[in-house]
Amino acid sequence: MTDQASPRPAGDGPYYDPYDFDIDADPHPVWKRLRDECPLYYNEQHDFWALSRWDDVEAGLKDHHRLISGRGTVLEFLKAGVEMPPGMILFDDPPRHGVYRGLLSRVFTPKRMNSIEPQVRRYCSKALDDLRGAERFDVIEALGAPMPMRVIGMLLGIPETDQQAIRDRIDSGLKLESGEMPNAAAAQSISVAAAEGSYGEYLDWRAKNPSDDVMTQLIQAEFEDHTGVTRRLSREEILGYITLLSGAGNETTTKLIGWTMLLLGQDPDQRREIVADPALVPNTIEEALRYEAPSPVQARYVNENIEYHGTVVPKGSAILLLNGSANRDHRRWGESADEFDIHRPIHHHLSFGYGLHFCLGAALARLEARVALDEMLKRFPDWTVNLEQSEQAHTSTVRGWDKLMLAIG
C-alpha cells in the first residue's frame, strides 16, 4: 500500500524501511541489494544502521557486549528509550539475562516440550478432521492461529475458553496500522496494562491453587538473582515471563505454519515427495524457517563504537540485524540460496537467533510446525494457495500471513 509507506529519499541506492508495507510484502530483493551493494546500510529517516550478510549478522547476534539487547530488540522501542519490564529475557543482557534465562529453561526444557506432542497431535487431528470435505479453507484461522495459543495456554494453565481473547489482544498489539514507525511508548504502556488484564487474575488464582503447569512453577521457583540474593520472582517478573511466552510463542509459530503451507502449495513436486516420505517433514520445517524467517529483523543498541566494512557505527546508535536476509546470503548458502529446497543440508540458520538469545521456544515451535504439516498432509495431500483471498500481516517484529486461503485438490 504505497499511500501508507514512508517517503523514500531520492537516489539510486538501495532503500530499506522495516515499516514500509510495500517492502514488507517481499523484502528479499531489497535485502539482496543491501548484501551486494551496501552491507552496512544507514537509514536517515529512522536513524538506524543495518547489517544484512550472514557473517555480519551471525557475529552480531553473538556480540552481546557491543550490541546489547537491554534497551530493546524492537526498533521503535529502542528509539523511544522505553524501559523494558523485568522477566522479558529478549530485552535483557548479562548478568541478569543469564539468571532469568536459566530460570525459564528449568520449566521450558526440550524434553517437556516433546512430551506434549500427543496432545498437540490430537488437537491438530480434530481441527483438520472437522474440515474434511471442504473445498477451501483459511489454514491460519483453522490451525495456524489457534493451535499455538492452545499449546501455550495448556502449558501455562489458562482455560481454553479464554485463550482466543488473549490471542486477539496479542494480535492487536502487534499490528501496524500504517507504514510509519509506531508510538512505542504508548504501545509499551498498553502492553503492561494488557499483561495485568490478561493474566493477573489467573496468576492470583494459581498462587492459591497450584498445579502442574508453567505458571505454578514460576510462582514457586526459588533462585539466586544477579545481585546474589536468593528469592522468588515478583509479580511483575512473572507477568513479564508469561507475556513473553504467550506473545513470542504464538505469533512466530503461526507465521511459520503459514509460510510452510504457502511454500508447499506453490511447489507441488516437493509436497508430493513429503507425502510419499514423511521423514522429510523435519528438514522441510528447517528449510521453511531458513527461507522465510517468521521474525526476520532484530534490533540492537550499539554499546561502543564498532566498525563494519570500513565505517564506524558510533556508540548510541540503533542497528538492525537482518537475519531474514542472512538466511538467503549466497556467500553462506551458495547460488541456490533463493531456492526452496526440502533436501538442503542445514547445519543452522538464524531464524531462532544465535548465541545468548537463541530462542528458548525453538523446540516447541519445531514440534508444532512438524505436527501441523504431518497431520495436514495425511488429510489434504494436495492444495494450492489463493493469494487474492489471503491477507499478509504487517508488524515490525514478525512477518507472515493473517489469512491464507487454500484450495483443496
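With a Förster radius of 60 Å applied to the C-beta separation of T227 and L387, the computed FRET efficiency comes to 0.70.
Once every DSSP H run of n ≥ 4 in the chain is given -39500 (n - 2.57) and the sum is divided by its residues, what mean residue ellipticity at 222 nm do you get, rounded to the nearest 500 deg cm²/dmol? Walk me through the numbers on the way to the answer.
On the way: 17 runs with 196 residues, N = 409.
Helix-only estimate at 222 nm: -14500 deg cm²/dmol.
Work out, in µm²/s and without decimals, the Stokes-Einstein translational diffusion coefficient of segment 2-408 at 10 °C, 1.306 mPa s, Rh from Kirkwood over C-alpha pairs. In µm²/s, the coefficient rounds to 72. When Rg and Dmax are taken over the Cα atoms of segment 355-409, they come to 14.7, 44 Å. Each peptide among 149-158, 321-330, 21-30, 111-120 gets the average number of other Cβ atoms lying within 10 Å of its residues, and from highest to lowest they stand as 321-330, 149-158, 21-30, 111-120.
Give, in nm to one decimal, the length gained when the segment between K403 and E339 is fully stretched (0.36 nm per residue of separation minus the Cα-Cα distance).
Once the chain is fully extended between K403 and E339, it gains 20.6 nm.
Sorting 125-132, 349-356, 204-211 by their mean Cβ neighbour count within 10 Å, with the most densely packed peptide first, gives 349-356, 125-132, 204-211. The order of K79, K62, going from fewest to most other C-beta atoms within 10 Å of their C-beta, is K62, K79.
Since only F77, M149, A134 are under comparison, the one whose Cα sits farthest along the positive direction of the charge dipole of segment 53-166, derived from C-beta charges on Lys, Arg, Asp and Glu, is M149.
Say R0 is 60 Å: what FRET efficiency, to the nearest 0.05, do H65 and E141 get from their beta-carbon distance? It would help to have the intermediate numbers written out before the result.
On the way: r = 44 Å, r/R0 = 0.73.
Efficiency computed from Cβ-Cβ geometry: 0.85.
Fewest to most neighbouring Cβ within 10 Å: what's the order for C124, C359? Each step should come with its number before you reach the end.
Values: C124 22, C359 17.
Starting with the residue having the fewest Cβ neighbours, the order is C359, C124.
Please list log₁₀ I(q)/I(0) at q = 0.11, 0.19 Å⁻¹ for segment 239-318, using the Debye equation with identical point scatterers on the alpha-carbon positions. Computed log10 I(q)/I(0) values: -0.53, -0.86.
Among 42-53, 247-258, 219-230, how do they line up from the highest to the lowest mean number of other beta-carbon atoms within 10 Å?
Working: 42-53: 19.0, 247-258: 26.4, 219-230: 11.6.
Ranked by mean Cβ neighbours within 10 Å, highest first: 247-258, 42-53, 219-230.
Checked against a 23 Å cut-off, the cross-linked pairs K79/K255; K62/K403; K111/K378; K255/K378 give Cα-Cα distances beyond that limit for K79/K255; K62/K403; K111/K378. Among V107, V139, sorting on how many other beta-carbon atoms sit within 10 Å of each Cβ, with the fewest leading, yields V107, V139.
Using a cut-off of under 16 Å, list every residue of segment 234-260 whose amide N is near the label point 7 Å from the Cα of I116 along the Cα-to-beta-carbon line. Within reach of a label on I116: 241-254.
FYI, it's all coordinate maths here, none of it is from the lab. Note that the coordinates shown come from a computational prediction; the quantities given were computed from them, not determined experimentally. Quick reminder, even Gly has a Cβ in these numbers, built from the backbone with ideal geometry, and neighbours come from all protein chains shown.
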